[in-house]
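What follows draws every value from the coordinates through simple rules; no lab data is involved. This structure is a prediction, so every number in the text was calculated from the model and none was measured. Here the Cβ is made from the backbone with ideal geometry for all residues, glycine too, and neighbour counts use every protein chain on show.
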Amino acid sequence: MSVRPDTEAAAQQAANNAPHRAGFACFVGRPNAGKSTLTNALVGQKVAITSNRPQTTRHTVRGIVHREDAQLILVDTPGLHKPRTLLGERLNDVVRTTWAEVDVIGFCLPADQKLGPGDKYIVKELAGIKKTPKIAVITKTDLVDSKQLAEQLLAVSRLGEELGFEWAEIVPVSAVKAEQEAGRAPVNKGGGGRGAGQVGLLADLIAPLLPESPPLYPEGDLTDEPEMVMVAELIREAALEGVRDELPHSIAVVVEEMLPRENRPADKPLLDIHANVYIERPSQKGIIIGPKGKRLKDVGTKSRKHIEALLGTPVFLDLHVKVAKDWQRDPKQLRKLGF
């Protein structure tokens with residue numbers, strides 16, 4: 001009579017003997033597909049700003065997930081779209097360059113939106129990248145019922161078949177549900193779990209697809225974004241709230257200076273941050289500043305809380321609104337603003 005070994009113990013032993021893996025995985029998709037929210041949920045901390053406005057992400061943001069068996073460097077990319085400006089063209093170039101450099105590609109498709117021409121265009125381009133494993137990630141599953149979700153899973157599976165390739169995995173996730181269930185507990189160290197909106201399962205599926213490698217970043221690092229860039233992004237995120245539809249694309253933020261206040265007691269430090277909020281036309285200035293400066297003050301208050309949490313120190317935030325005429329179309333202005 002044969003004796004079946006304890007499967008859980010055997011799995012644990014196999015995991016202990018498995019080589020450590022580390023590498024890069026990027027999330028791609030059309031604008032507002034939930035890529036940044038998913039990145040934050042996997043890392044367990046805010047490393048990418050989010051908004052319900054398309055084109056919130058304007059550059060690649062790396063979030064780092066530390067696990068016993070692997071280190072996942074997640075690259076959140078701008079949404080691929082039909083460009084109308086020089087900025088749009090450059091953002092698309094960033095996306096395609098990233099595809100060529102990563103070990104795994106995650107294509108994000110919202111569960112509550114039918115497959116559209118934009119999705120099919122992106123997947124067609126992905127089909128041309130032969131050697132890189134591709135995972136289809138159905139996001140925002142908390143917004144649909146089981147029937148709608150099943151239809152979306154079938155649709156994305158068929159799309160791969162039509163274009164002559166097979167997804168390495170197709171995973172439904174809810175980053176929002178993961179945050180609620182985990183209480184913002186990080187997925188790092190294997191937290192978050194398979195039940196937490198399936199986000200933990202997604203990390204489990206990405207890890208084996210990465211190359212064997214020691215960790216690429218030190219323990220504890222959650223992003224390689226420079227602090228000044230992250231601060232500027234947090235200010236832009238606050239500025240995006242509540243503005244009219246045409247304005248979000250016109251907002252850019254540059255942090256000019258971050259200096260500790262001199263002659264402060266050691267137990268009462270203060271960091272002075274001077275930043276400029278750029279818009280494209282003088283008529284937009286009033287929208288950002290608001291009546292009697294109230295809106296700009298609200299932007300400062302909201303962003304300062306996130307900045308202080310990020311940097312771990314009290315902050316004095318000095319914001320100014322400036323006009324950089326048609327900066328999205330002007331190569332010189334784009335360079336000045338970091339694009």
Check: With respect to the cross-link table entries K35/K177; K35/K336; K35/K294; K305/K332; K292/K336; K120/K147, which display a Cα-Cα separation exceeding 25 Å?
Finding: K35/K336; K35/K294; K305/K332; K292/K336
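Could you compute the FRET efficiency for L149 and A18, with r as their C-beta to C-beta distance and R0 at 30 Å, rounded to 0.05? The partial results should precede the final answer.
Numbers: r = 32 Å, r/R0 = 1.06.
After rounding, the FRET efficiency stands at 0.40.
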Check: What is the local net charge at R261, summed over the other residues whose Cβ is closer than 15 Å to its Cβ (Lys, Arg +1; Asp, Glu -1)?
Finding: -3
Note to self: Apply the Karplus curve 6.51 cos²θ - 1.76 cosθ + 1.60, θ = phi - 60°, to the phi angles in the stretch 150-162 and return the couplings in whole Hz, x for Gly and Pro.
What the structure shows: 4, 5, 5, 4, 5, 4, 6, 5, 5, 4, x, 4, 4
Margin query: Please list, in order, the residues from the stretch 104-133 whose amide nitrogen is less than 14 Å from a point placed 7 Å along the Cα→Cβ vector of E162.
Written below: 114-125, 127
Next item on the list: Mind giving me the nanometre distance, one decimal, between the label points for D142 and D221, set 7 Å out from Cα along Cα→Cβ?
Entry: 3.1 nm
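Where Lys and Arg each count +1 and Asp and Glu each count -1, what net charge lies around S303 among other residues with Cβ under 9 Å from its Cβ? All intermediate terms of the calculation are to be shown ahead of the outcome.
Details: positive: R236, K302, R304, K305; negative: E237.
After counting each charged neighbour, the total is +3.
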Next item on the list: Along each of the three principal axes of the Cα atoms of the stretch 227-336, give the extent in whole Å, ordering the values from largest to smallest.
Entry: 45, 31, 20
Check: Using unit Cβ charges (K, R positive; D, E negative) and no other charged atoms, how large, in debye to the nearest 20, is the dipole of the stretch 232-339 about its Cα centre?
Finding: 340 debye
Notebook entry, point to check: How high is the FRET efficiency from K292 to F316, r the C-beta distance, R0 22 Å, rounded to 0.05?
Noted result: 0.55
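Pull up the DSSP beta bridges for the stretch 238-339 and report the antiparallel fraction as a percent, rounded to 5.
Values: 8 of 17 bridges.
Percentage antiparallel, nearest 5: 45.
Given R₀ = 41 Å, what would the calculated FRET efficiency be for D69 paired with E256, taking r from the Cβ atoms and rounding to 0.05?
Numbers: r = 43 Å, r/R0 = 1.04.
Approximately 0.45, to the nearest 0.05.
What net charge do the residues around G29 carry, taking every other residue with its C-beta under 10 Å from that of G29, with Lys and Arg at +1 and Asp and Glu at -1? The partial results should precede the final answer.
Details: positive: R30, K35; negative: D119.
Neighbourhood net charge equals +1.
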